[in-house]
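Here the structure comes first, spelled out in structure tokens, and everything after it is commentary.
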Amino acid sequence: MANLIGHNGGPTMEGGASWRAHCWRAARARLLPVLPVEVVRLRVMRAKELGLDYKTYAGVRATTGRDLVAFLFSSNALSLSVARPVLAPERAAKLAEITACGRIALANPPLTPEAVREALLMIDAAHAAPALLAGHREVRAMLRAALGALPADGVLLIGDHGLERDWCAAARLAAYLPADRFFGPAAAR
């Protein structure tokens, strides 16, 4: 079909649509890996170590092709502020559950990395967060500095602001997970 001005490129109306759909489904099924039960069990255990549900962990792992090596938490996701520089008990318990994985915090102004470090004993490092409206290049530079030698696609960003989601793309992080999904309803503000 010729590309016509104003044509939305929708599905063709030619015959054989059901056959093409069948071929697509069959090809897709061949692409999906069939994991041995032992591998699935190990991944379920790893998801539990990270405090993630299996579906989230498996999705991130399938997207990046690697295991998670660290979490990157914004101070918004941790519900820290100058007025409330203490981590809620439910969130502290969730952070304490994370084993065999790095925990890095990003301090959104007016919080400082030092204040975040004092409030959170169970993190490995704290750094200044990029400004919410910072450019792509600045965000990438700040997050790469915060990650050090860690591979960006092995780091999961936990945030609580729509603009923080953009940090994931700028730094090529593994994925973005909203704080309420990571900490769950029991840890909601």
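The values are calculated or read from the model by the stated rules, or taken from the named source; none is laboratory data. Not measured: the values here are computed from a predicted model. Counting neighbours? That spans all protein chains shown, and the Cβs are built from the backbone with ideal geometry, glycine included. Only protein heavy atoms, including side chains, enter the accessible area calculation; ligands, DNA and RNA are left aside. Shrake-Rupley method; radii C 1.70, N 1.55, O 1.52, S 1.80 Å.
Residues in the range 99-189 average 49 Å² of solvent-accessible surface per residue, probe 1.4 Å, ligands and nucleic acids excluded.
Its Cα gyration tensor gives the range 80-189 an equivalent ellipsoid; the semi-axes, largest first and in whole Å, are 21, 16, 14. Counting only DSSP H runs of at least 4 residues, each contributing -39500 (n - 2.57), and dividing by the residue count of the chain, the helix-based mean residue ellipticity at 222 nm comes to -13000 deg cm²/dmol. Working ranking of peptides 50-63, 81-94 by packing, defined as the average number of other Cβ atoms within 10 Å per residue, highest first, is 50-63, 81-94. Selection among Leu78, Ala145, Cys23 by position relative to the dipole of the chain gives Cys23 as farthest towards the positive end (Cβ unit charges, Cα centre). Scanning the chain for DSSP H helices at least 30 Å long along the axis (C-alpha atoms) with a Kyte-Doolittle mean no lower than 1.6 picks out nothing. Computed about its Cα centre, the charge dipole of the range 130-189 is approximately 100 debye, with only Lys, Arg, Asp and Glu carrying charge at their Cβ. Surface composition of the range 10-103: carbon and sulfur atoms hold 64% of the protein heavy-atom accessible area at a 1.4 Å probe.
Return the label of the correct value of Cα extents along the principal axes in Å, as calculated from the structure shown, out of (i) 43, 42, 32; (ii) 45, 42, 36; (iii) 66, 48, 33. After the calculation, the listed value that fits is (iii).
Using Cβ point charges alone (K and R +1, D and E -1), the dipole size of the chain about the Cα centre works out to roughly 560 debye.
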